[in-house]
2 protein chains.
Amino acid sequence: MSMKFSKRSDHVKASDVRELLKVTQNPEIISFAGGFPAPELFPIEEMKIVCNTVLEEQGDKALQYSSTEGFLALRKTISSIMNNLGVSAFSEDIVITSGSQQCLDLTGKIFLDEGDIVICESPTYLAAISAFQCYLPRFVEVEMDDQGMKMDKLEAALKENSQAKFIYTIPDFQNPTGRTLSLERRKRIVELANEYDMFIIEDNPYGAIRFEGNNLPPIKHFDTEGRVIYVSTFSKTLTPGLRLGWVCANPEVLRKLVIFKQGADLNTNSFAQLKAVKYMELFDLEGHVSKIKEVYRKRKYAMLEAMDKHMPEYAKYTNPEGGLFIWVELPDYINAREVLAKSIENKVAFVPGGSFYPNGGHENTMRLNFSNMPEERIEEGIKRLAEVLKVLGRD
Amino acid sequence: MSMKFSKRSDHVKASDVRELLKVTQNPEIISFAGGFPAPELFPIEEMKIVCNTVLEEQGDKALQYSSTEGFLALRKTISSIMNNLGVSAFSEDIVITSGSQQCLDLTGKIFLDEGDIVICESPTYLAAISAFQCYLPRFVEVEMDDQGMKMDKLEAALKENSQAKFIYTIPDFQNPTGRTLSLERRKRIVELANEYDMFIIEDNPYGAIRFEGNNLPPIKHFDTEGRVIYVSTFSKTLTPGLRLGWVCANPEVLRKLVIFKQGADLNTNSFAQLKAVKYMELFDLEGHVSKIKEVYRKRKYAMLEAMDKHMPEYAKYTNPEGGLFIWVELPDYINAREVLAKSIENKVAFVPGGSFYPNGGHENTMRLNFSNMPEERIEEGIKRLAEVLKVLGRD
């Protein structure tokens, strides 16, 4: 039997890391691998009330198909969230998606033909690479420093690739590095997009989880020409199990997106949408997010302190002001995939950083998640990881 | 600002019918347009218990990310459903998707390069056309009769298009025609697939909603070489709002599908998956489906009787043994899009049949849904529709 798969099927391979990480389901393993929120903070009791109320008041709507764009009530609530962030938006400027991941797939579908260029941070979000890769683009990576993507490097990339389709960026507490794009660069990236006639996909799942420093406006706040496609989610603030994301963009982009979304899944889970609306009506989402931030802040420091104490001198790591991740750079001669294999024997896991570079390389890097483990396990996990590094390193 | 959309974006257009049908949200309009289940049959009280129990017992799992393949408990339950249908399947042979619509998008992604051929029924499901169209294939339509796709025509199509990627078929109470593929043809289509080295996508959302006649085994029951990709959903049996579908296929296809699903939405709503499992544990899904069938049977006859009474002689229509739809053929000189425009003035709506032909034409056809309206409104709606036809026709 011939499989007759498409070209993209041959191109997109299963990740070996994903296979390795299947062991993290074993509760003995201390996992810094996933990007999972802390489940002990999920508002389970509140959700019981929310489910009952939604079924009581709008059961027939909650269990039926709904419009591809999403329920107006939810789009309205999200438009206020956007306005509070300094982005002027009406409900018509918002479309609900099945997690923000679906936005990435759909924007790939809207813009990318084979061989088209995507400009992104180096490194960038693994599953954005997967989403875009389906459409067989080329990735042009732009170097970062502690202030995010370097604007001179971005400009050089734009000059050299004026036919690029869009710039993909995660400005706040970037996945995987935890870095945040500075205020100056937020203004500059919009100027560059205007100058080079480029779209920007601003992927912002973590912005609300800032536990230190000052809030920065989204890139879209500076958008003067409708070039910024802002993507976000309730996964990090409310719960990921709802699979609720949204996109705020110019009407022409949204129109295309809705056409493709219809073919992709008709509509996003109706019940989940109404639950989100009702939760925000009955409870205090901001108050809930405050609790999350407090817990994550402590966990970040637990991880940093353990790293300061146990890690070999040569390991360099970031200190994010929010989000879920710390990024580690090791000397060139250490391969983080080997570190992972040995770590798993030592019952600790993480994601090797090489996976976050669409064009490969950088195998001496690691992404550590701190949101999903209690402090005492974080310390123990870092100790175990440091033991592995000490054996492999020449420190 | 240049939009820089992909080729597929220029190719896939918003449906004008979709715009027309936005008026069906007006409750004054009697709508035979959507493929919506009857909301008054939704098990709302049971769902309250289900939500509470899931949150009580597994709240942290319900609200967290989950595996791309879906929860094992749900895959196991579905494998029993498949076994009861005469398809031998283990839980590993099942992957959960965000509605069966997502399966169509993902199978398109797996198989289709630009210019590839999809063989399908003429007419076929509108949103399958949309899903596949993203990948820029050519559609080869195969004529149907009351027994479904004609096998001699299918064989001719296969001979002429031996490089086709797959046959897409809806064997039970097809959308839009309501027709069912006969037992003999189910065997024959598998023989042809084997002979011509072809995959079959068997889309079966309606099979469980048979209210007359004898059950027929799915095409996959006759599959000897792992060529049939069986796709189904809980939308018509439990509720569409959950957005829960599944695919049962050979391991190599499922492996590809999971890779692409990860890029498309990471995982299907965790809470919805656990709700489906719990519902089937606590309540009697089959008993619930019996109630649905009884109501739909009555509604179908209400529609057929009203049509016999009010419709002009020249209108020919199907009499389905299950599902949600009746198909109407009018004389060539009547354009159903014009009928729709006039019908909406007369406060009744349906979907013009031309939309279901990927290569166009057949504008003299209409799809009528009978599941979503009570019997008295069905009679009234058909009366209104017949009035429009009488004005337009030369009966």
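The values are calculated or read from the model by the stated rules, or taken from the named source; none is laboratory data. Since the model is a prediction, treat every value here as computed from it, not as a measurement. Neighbour counts run over all protein chains shown; Cβ positions are idealised from the backbone, glycine included. Ligands, DNA and RNA are stripped out before the accessible areas are found, and what is left, the full protein with its side chains, is counted by its heavy atoms. Shrake-Rupley method; radii C 1.70, N 1.55, O 1.52, S 1.80 Å.
Would you point out which residue out of B:I117, B:I96, B:I129 is touching a residue at least 60 places away in the same chain (Cβ under 8 Å) and within 21 Å of B:H11 (Cα to Cα)?
Being touching a residue at least 60 places away in the same chain (Cβ under 8 Å) and within 21 Å of B:H11 (Cα to Cα) holds for just one of B:I117, B:I96, B:I129, which is B:I129.
Would you mind stating whether A:F5 is assigned to a loop (DSSP other than H, G, I, E, B) and in contact with a strand residue (DSSP E or B) (Cβ under 8 Å, 6 or more places away or on another chain)?
Here the answer is no, as A:F5 does not meet what is asked.
Do you know which residues across region B:86-122 are over 21 Å from B:D265 (Cβ atoms) and of a type in the set (F, W, Y)?
If the condition is that a residue be over 21 Å from B:D265 (Cβ atoms) and of a type in the set (F, W, Y), then B:F90 is the only one that fits.
Quick check: is even one residue across region B:197-207 part of a helix (DSSP H, G or I), open to solvent by 10 Å² or more (accessible area, probe 1.4 Å) and in contact (Cβ under 8 Å) with a residue 12 or more places away in the chain?
Scanning region B:197-207, I find no residue that is part of a helix (DSSP H, G or I), open to solvent by 10 Å² or more (accessible area, probe 1.4 Å) and in contact (Cβ under 8 Å) with a residue 12 or more places away in the chain, so the answer is no.
Does any residue of region A:229-240 turn out to be touching a helix residue (DSSP H, G or I) at 6+ places or on another chain (Cβ under 9 Å), over 30 Å from B:L136 (Cβ atoms) and among the charged types (D, E, K, R)?
Yes; the residues of region A:229-240 include at least one that is touching a helix residue (DSSP H, G or I) at 6+ places or on another chain (Cβ under 9 Å), over 30 Å from B:L136 (Cβ atoms) and among the charged types (D, E, K, R).
Restricting to region A:209-252, give me the number of residues that are open to solvent by 20 Å² or more (accessible area, probe 1.4 Å), facing another protein chain (nearest Cβ under 9 Å) and assigned to a helix (DSSP H, G or I).
1
Would you mind stating whether A:S88 is within 22 Å of the chain's Cα centre (by Cα), more than 8 Å from chain B (Cβ to nearest Cβ) and either polar (S, T, N, Q) or under 30 Å from A:E379 (Cβ atoms) (or both)?
When the stated conditions are applied, A:S88 does not pass them.
A:F132 versus (1) within 24 Å of A:G34 (Cα to Cα); (2) open to solvent by 10 Å² or more (accessible area, probe 1.4 Å); (3) not aliphatic (A, V, I, L, M): which is the lone unmet condition?
Exception for A:F132: condition (2).
Restricting to region A:4-23, name every residue that is at the interface with another protein chain (Cβ under 7 Å from one of its Cβ atoms) and modelled with pLDDT under 85.
A:V12, A:A14
Filtering region A:105-124 down to residues that are over 24 Å from B:A131 (Cβ atoms) and out of contact with any Leu (no Cβ under 8 Å at 6 or more places or on another chain), which residue is surrounded by the fewest Cβ atoms within 10 Å (Cβ to Cβ)?
Among those residues, the one meeting the criterion is A:I117.
Pairs needed: first member in region B:364-393, more than 23 Å from B:N175 (Cα to Cα) and open to solvent by 40 Å² or more (accessible area, probe 1.4 Å); second member anywhere, assigned to a loop (DSSP other than H, G, I, E, B) and among the polar types (S, T, N, Q); C-beta distance under 9 Å; at least 6 residues apart or different chains.
As it stands, the answer is B:R384/B:N346; B:E387/B:N346; B:L392/B:N335, since those pairs meet every condition given.
For every residue, the table says whether it meets (1) charged (D, E, K, R); (2) within 14 Å of chain A (Cβ to nearest Cβ); (3) under 13 Å from the mean Cα position of the chain (by Cα); (4) more than 18 Å from B:F199 (Cα to Cα).
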site: B:E92; (1), (2), (3), (4): yes, yes, no, yes
site: B:S98; (1), (2), (3), (4): no, yes, no, yes
site: B:L104; (1), (2), (3), (4): no, yes, yes, no
site: B:G108; (1), (2), (3), (4): no, yes, no, no
site: B:D113; (1), (2), (3), (4): yes, yes, no, no
site: B:D116; (1), (2), (3), (4): yes, yes, no, no
site: B:C120; (1), (2), (3), (4): no, no, no, no
site: B:L126; (1), (2), (3), (4): no, yes, yes, yes
site: B:I129; (1), (2), (3), (4): no, yes, yes, no
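Within region B:135-151, which residues are out of contact with any strand residue (DSSP E or B) (no Cβ under 8 Å at 6 or more places or on another chain) and surrounded by 23 or more Cβ atoms within 10 Å (Cβ to Cβ)?
B:Y135
Under 9 Å by Cβ, and 6 or more places apart or on different chains, what pairs join a residue from region A:314-325 that is within 27 Å of A:L392 (Cα to Cα) and touching a residue at least 40 places away in the same chain (Cβ under 8 Å) with one that is open to solvent by 10 Å² or more (accessible area, probe 1.4 Å) and of a type in the set (V, I, T)?
Listed pairs, sorted by first residue: A:P320/A:T180; A:F325/A:T318.
Check B:Q58, B:Q102 and return the single one that is part of a helix (DSSP H, G or I), in contact with a strand residue (DSSP E or B) (Cβ under 7 Å, 6 or more places away or on another chain) and surrounded by 18 or more Cβ atoms within 10 Å (Cβ to Cβ).
Exactly one of B:Q58, B:Q102 is part of a helix (DSSP H, G or I), in contact with a strand residue (DSSP E or B) (Cβ under 7 Å, 6 or more places away or on another chain) and surrounded by 18 or more Cβ atoms within 10 Å (Cβ to Cβ), namely B:Q102.
Tally the residues that are in a helix (DSSP H, G or I), closer than 22 Å to A:N267 by Cα, out of contact with any Lys or Arg (no Cβ under 6 Å at 6 or more places or on another chain) and in contact (Cβ under 8 Å) with a residue 60 or more places away in the chain, restricting the search to region B:253-269.
6
Quick check on region B:24-55: of everything there that is under 24 Å from B:A73 (Cβ atoms) and either in a loop (DSSP other than H, G, I, E, B) or hydroxyl-bearing (S, T, Y) (or both), which residue is nearest to the other protein chains (Cβ to nearest Cβ)?
The extreme case among them is B:F42.
Exactly one condition in (1) more than 14 Å from chain A (Cβ to nearest Cβ); (2) open to solvent by 10 Å² or more (accessible area, probe 1.4 Å); (3) under 24 Å from B:E40 (Cβ atoms) is false for B:T180; which is it?
(3)
A:K187 fails exactly one of the following numbered conditions: (1) more than 19 Å from the chain's Cα centre (by Cα); (2) at the interface with another protein chain (Cβ under 10 Å from one of its Cβ atoms); (3) among the charged types (D, E, K, R). What is the number of that condition?
(2)
One line per residue, one yes/no per condition, for (1) under 17 Å from A:A336 (Cα atoms); (2) touching a residue at least 24 places away in the same chain (Cβ under 8 Å); (3) of a type outside the set (S, T, Y):
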site: A:S2; (1), (2), (3): no, no, no
site: A:H11; (1), (2), (3): no, yes, yes
site: A:S15; (1), (2), (3): yes, yes, no
site: A:L21; (1), (2), (3): yes, yes, yes
site: A:I29; (1), (2), (3): no, yes, yes
site: A:F36; (1), (2), (3): no, yes, yes
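Restricting to region A:253-293, count the residues that are over 17 Å from A:N84 (Cβ atoms), of a type in the set (K, R), away from chain B (no Cβ under 12 Å) and open to solvent by 30 Å² or more (accessible area, probe 1.4 Å).
1
Given the criterion open to solvent by 10 Å² or more (accessible area, probe 1.4 Å) and without any contact (Cβ under 8 Å) to a residue 24 or more places away in the chain, identify the matching residue among B:S80, B:S66. Reasoning before the result, please.
Numbers: B:S66 fails: without any contact (Cβ under 8 Å) to a residue 24 or more places away in the chain.
Testing whether each residue is open to solvent by 10 Å² or more (accessible area, probe 1.4 Å) and without any contact (Cβ under 8 Å) to a residue 24 or more places away in the chain leaves just B:S80.
For region B:342-356, what are the residues that are under 22 Å from B:E376 (Cβ atoms), open to solvent by 10 Å² or more (accessible area, probe 1.4 Å) and assigned to a helix (DSSP H, G or I)?
Within region B:342-356, B:I344, B:E345 qualify.
For region B:197-224, which residues satisfy the criterion of being among the aromatic types (F, W, Y), over 15 Å from the mean Cα position of the chain (by Cα) and under 23 Å from B:A131 (Cβ atoms)?
Listed by number, the list holds a single entry, B:F199.
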